[in-house]
Amino acid sequence: MSLLARYRARLAAEIEEGGGRHDEPQIYGGDAGDPGLCGPGSMSWEIHGDLASLVVGGTAAILMEVVHPSVMAGVFTHSSYRTEPLRRARNTLGYVLRTTFGSTPGATRVIEGVKRVHAGVSGTRLDGKAYEALEPELIGWVHTCIPWAVMQAFDRTCRPLSREEKDRYLAEQAVIGRMGGAGDIPESVDALEAYVERMRPHLRMTEHTHSFMDFLSGRDIEPPVSRRERLDRWVGIRASMTLMPEWARRLTGTWQPAWMRRLWLEPSDRLKARLVRWAYPELPCKRMALERVYGTTAARDSGTLRAWQTSSAISPATTPSTTSMPAR
């Protein structure tokens, strides 16, 4: 095996270590012809089939979720992000992939299972306000942050999306969000922009959010990480947050001058996306979903499988720190 091939295999192994493999037959297999909740031809299959976009947008999605104090309180009190960061990353990435590529019953079981877990999550925020994880507003915000960030990442690092394509994607994802218990949820770019403006007054950094940021950046983590790793995390967090509006970067303390975004941070994310697509050109779950919908032989004989693989070369994550997504 050549040096380049060994490097590619090592990156692929790191991707699976950080984010999981996602090839469970009980989720992605099933009755022939079942398209699942989205199906071939959907924007969700194209965008979520590009793992690089999930990786690049993942950190921004995390941070936008937890600037809602109720979400942060739940994550801080009930999540195992400090003790089991890889498991949390795999579970959250798995939620996105399973609801996109899983069979209809498989994806539905995943959604209902998450709702059962969240049913036991409640408490009191630092400001004394009570919260429950199943509040429709909180579910709506947590749900929306993921397609918001991932859509931006795909548009920047894979191919530009038209307004109509973005609207289709958000409408497809809204179906999943409502199944999860979300209340108000945007189904178009216009609705997303209006929704975010309505939510802005509820968003702020708290003591818990700063602690979460310290962990994510490697400043407060055991065992301690190297200076190189802290620099990689610093860049990764700020590069991902360039997908978000300026007010969000200033709120989270990730704002950087335009020259740094243009010359360092945005190119860093584009390079990360290319490496992920090169090292991990196919998601097992998407292949299994195509075989479920078309049948293994039919998909291979008709060229459908090959066409879908070519149209959305997939991507992997890089290291465990870059694959982390919002804890569910």
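The values are calculated or read from the model by the stated rules, or taken from the named source; none is laboratory data. Note that the structure is predicted; figures quoted are calculated from it, not measured. Positions of Cβ are backbone-derived with ideal geometry, glycine not excepted, and every protein chain shown enters the neighbour counts.
Does ARG204 satisfy the criteria of being farther than 23 Å from GLY236 by Cβ, at pLDDT 95 or above, touching a Pro at 6+ places or on another chain (Cβ under 8 Å) and not β-branched (Val, Ile, Thr)?
Considered against the rule, which asks whether it is farther than 23 Å from GLY236 by Cβ, at pLDDT 95 or above, touching a Pro at 6+ places or on another chain (Cβ under 8 Å) and not β-branched (Val, Ile, Thr), ARG204 comes out as yes.
Mind listing whichever residues of segment 167-193 are in a helix (DSSP H, G or I), touching a residue at least 60 places away in the same chain (Cβ under 8 Å) and touching a helix residue (DSSP H, G or I) at 6+ places or on another chain (Cβ under 8 Å)?
ARG168, TYR169, GLU172, GLN173, ILE176, MET179
Looking at (1) surrounded by fewer than 18 Cβ atoms within 10 Å (Cβ to Cβ); (2) within 18 Å of the chain's Cα centre (by Cα); (3) of a type in the set (A, V, I, L, M, F, W, C), can you tell me which one MET205 breaks?
(2)
Given segment 8-109, what helices (runs of 4 or more DSSP H) lie entirely inside it while holding 2 or more residues that are touching a residue at least 24 places away in the same chain (Cβ under 8 Å), touching a helix residue (DSSP H, G or I) at 6+ places or on another chain (Cβ under 8 Å) and over 25 Å from ALA239 (Cα atoms)?
It comes to 25-28, 69-78, 85-101.
Kindly list, by first and then second residue, each pair from a residue in segment 258-270 that is at pLDDT 95 or above to a residue that is not aliphatic (A, V, I, L, M), limited to pairs with Cβ atoms under 7 Å and residues at least 6 apart or on different chains.
ARG261/THR242; LEU265/ARG238; LEU265/THR242; LEU265/GLN256; GLU266/THR242; ASP269/THR157; ASP269/SER240; ARG270/THR157
Checking TRP255 against (1) crowded, with 16+ Cβ neighbours inside 10 Å; (2) within 28 Å of LEU97 (Cα to Cα); (3) at pLDDT 95 or above, which single condition isn't satisfied?
Among (1) crowded, with 16+ Cβ neighbours inside 10 Å; (2) within 28 Å of LEU97 (Cα to Cα); (3) at pLDDT 95 or above, the lone unmet condition for TRP255 is (2).
All but one of (1) at pLDDT below 95; (2) in contact with a Lys or Arg (Cβ under 9 Å, 6 or more places away or on another chain) hold for GLY183; which doesn't?
Only one criterion is unmet by GLY183, namely (2).
Please list, ordered by first then second residue, the pairs with beta carbon atoms under 7 Å, 6 or more apart or interchain, first in segment 204-222 and closer than 20 Å to ARG249 by Cβ and free of Cβ contacts under 8 Å to residues at least 40 places away in the same chain, second crowded, with 17+ Cβ neighbours inside 10 Å and of a type outside the set (Asp, Glu).
SER217/ARG233; SER217/ILE237
Please count how many residues of segment 18-61 are among the hydroxyl-bearing types (Ser, Thr, Tyr) and surrounded by fewer than 22 Cβ atoms within 10 Å (Cβ to Cβ).
Going through segment 18-61 one residue at a time, the tally reaches 1.
Among the residues of segment 128-158 satisfying the criterion of being in a loop (DSSP other than H, G, I, E, B) and in contact (Cβ under 8 Å) with a residue 60 or more places away in the chain, which is nearest to VAL55 (Cα to Cα)?
Per the stated criteria, the residue is CYS158.
Keeping to segment 273-293, report how many residues are of a type outside the set (Ser, Thr, Tyr) and within 20 Å of GLU14 (Cα to Cα).
Looking only at that region, the number is 13.
Just for helices (runs of 4 or more DSSP H) wholly inside segment 212-301: which have at least 3 residues that are under 22 Å from the mean Cα position of the chain (by Cα) and closer than 30 Å to MET199 by Cβ?
Of the helices (runs of 4 or more DSSP H) lying wholly inside segment 212-301, those with at least 3 residues that are under 22 Å from the mean Cα position of the chain (by Cα) and closer than 30 Å to MET199 by Cβ span 227-241, 246-252, 266-279.
Applying the selection to segment 269-298, what residues are among the hydroxyl-bearing types (Ser, Thr, Tyr) and surrounded by 19 or more Cβ atoms within 10 Å (Cβ to Cβ)?
TYR280, TYR294, listed by residue number.
For TYR81, indicate whether it is among the aromatic types (Phe, Trp, Tyr), surrounded by fewer than 24 Cβ atoms within 10 Å (Cβ to Cβ) and within 17 Å of CYS285 (Cβ to Cβ).
So TYR81 fails the test.
Please go through segment 226-257 and pick out each residue that is touching a residue at least 12 places away in the same chain (Cβ under 8 Å) and aliphatic (A, V, I, L, M).
If the condition is that a residue be touching a residue at least 12 places away in the same chain (Cβ under 8 Å) and aliphatic (A, V, I, L, M), then VAL235, ILE237, ALA239, MET241, LEU243, MET244, ALA248, LEU251 are the ones that fit.
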